[in-house]
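Just below is one structure, and these are the notes that go with it.
A short reminder: the numbers here are calculations on the coordinates, not readings from a lab. Bear in mind the structure is a predicted one, so any value in this text is a computation, not a measurement. Here the Cβ positions follow ideal geometry from the backbone for every residue, glycine too, while neighbour counts run over all protein chains shown.
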Amino acid sequence: MKFIRSASSLFSGLMLLAGSVVAQPVDAAQETPQSAQPGQLTAPPDLTTPDARDQPLRDADALIKNGNPAAAYTLLKPLEFERSGEIRFDYLFGIAALDSGHADKATLAFERVLTMDPNFAGARLDMARAYYQLGDLLRAKTEFETVLGQNPPELAKATIQKYLDAIASHEQAQKTRISAYVEGVAGHDSNIANSSTQTFTFAANSPWGGLFPGNQLPPGAKLTGVYEGINTGGEINHSLNANWGVYAGADLRQHGNMTQTAYDTISTEGRVGVTYAREQNVYKLSLSLGQLYTANSMRRDSLGVGGEWQHAFSPANQMSAFVQYAQNRAAGFPPTSPGTDARIEGNTDQVVVGAGWVHIMTGGKHALFGSIYAGNELDVAPVVSPGLPNGGRTDGKKRFEGLRMGGQAAIAEQLDVIASTGLQSANYGKLNNLIMSNRSEKLYDLTVAANWHPDKLWTIKPQIAFSRKHSNLSLYSFDRTDVSLTVRRDFK
């Protein structure tokens, strides 16, 4: 803002002018000028005395007026220990420090001035400027309002009001924050449908074995292809007070395959939540709703609630714990006969609990993270058959647990790399009569990506992801490689 960039010359001239009109005389032989009456601006120090002790102050004053506060700061800095406590010295040193980018030093100098003369409105005004530069807007606002209460000249009032308006705008922006994004994705998927390419052999005592040649099923075909996607979304956060906040957001995602169009999808998700922050703790409660549409007009609805607790042990270490409950329901599947709902297996109620840790390495450019979780998934699909008179999944309830770990490193100012790996194991509750055993499986994955930020609002992300599932029911075993490039634009 222009008024901020030119504040130094404006305030210095303003205070000198105001002081010549309303200030009381200053005895050059005294260390401390006579205090002004309430509502007056104390005159700046008299720098015209012939005392050689004042020569550095006269030189510094000339440098400031000529637009070279850095040189004035360099001139006065060696004298700080000897002459701090002198109003004439501290005031000029504070101005030189403030206008040369040393706002922290300036606040100390102005504090010394105001300790000796609380009515020195010029020093209080510059103290407010120093707090503003440091980002301490609460104290800056207090000091600006104090000066306004001392009936300064009209020009000073107008300038102070501009600062107060800027602080009010910042507070409003912090109170309500809106962000959005749009991104395009292109990639190649080696196994679009997670198909198994292994030959499946029925268990010797399986009731299904004799129905197929060689007691086997031939391997399936792995569907590969190029895909594209467009995703967009946004979120609004509003602070109710120093502790409480609310938020709401939504996302829309489209995924299309160039050749395997039967696997095209569109999904939507909305979420709302409330947060509570106090000291090193943040608590969050959220509700989410989603829908997934496939190319053949099938739809899956989801409903979820979750709670999370975050605790910062230090700037370098933060832990979290969470619990989530989700319902997934299939829709759009007409019944095949009266009284029968032929929805696919996949209607589930799921509960997951977990904990995570983030560690920021020395220097703040590298981070390590990890998490563990466990859950229970109950299949409630109303698929009725002779073997499942009450519906549900052939393999029954699913219990699972997993872990994930990884790291992020900034290797250049605009480039960082991310790597993560995970393992999940699952066991099912019912005997599967294809293998005459309970189904069990393990899923492994590894992802490596880079984020290049050509601009603070643009991100270009190349990524490669490997995944492999091993199951004792080989129909569910697969391996998959996904290579993609994402271009994202954020709006903040």
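Using alpha carbon centroids, what distance separates region 247-302 and region 150-182, in Å?
Each part reduced to its Cα centre gives a spacing of 37 Å.
Based on the alpha-carbon set only, what is the convex hull volume of region 50-201 divided per residue, in Å³?
Spread over its residues, the Cα hull of region 50-201 gives 267 Å³ apiece.
Treat the count of other C-beta atoms within 10 Å as a stand-in for reagent exposure and order Lys492, Lys469, Lys365 from fewest to most.
Fewest-to-most ranking of Lys492, Lys469, Lys365: Lys492, Lys365, Lys469.
Counting other Cβ atoms within 10 Å, keep those with at most 16, restrict to DSSP loop, and tell me which chymotrypsin sites (Phe, Trp or Tyr not before Pro) in region 140-227 are left.
Here the sparse-neighbourhood loop sites are Trp208.
Find the Cα radius of gyration of region 427-489, compare it with 2.2 N^0.38 Å by division, and give the number to two decimals.
That works out to 1.75 for region 427-489.
If one puts a single equal scatterer on every Cα of region 453-492 and applies the Debye formula without solvent, what log₁₀ I(q)/I(0) results at q = 0.18, 0.24 Å⁻¹?
Calculated log10 I(q)/I(0) at the listed q: -0.62, -0.79.
So, by mean Cβ neighbours within 10 angstrom, what's the order for 395-402, 150-157 with the highest one leading?
395-402, 150-157
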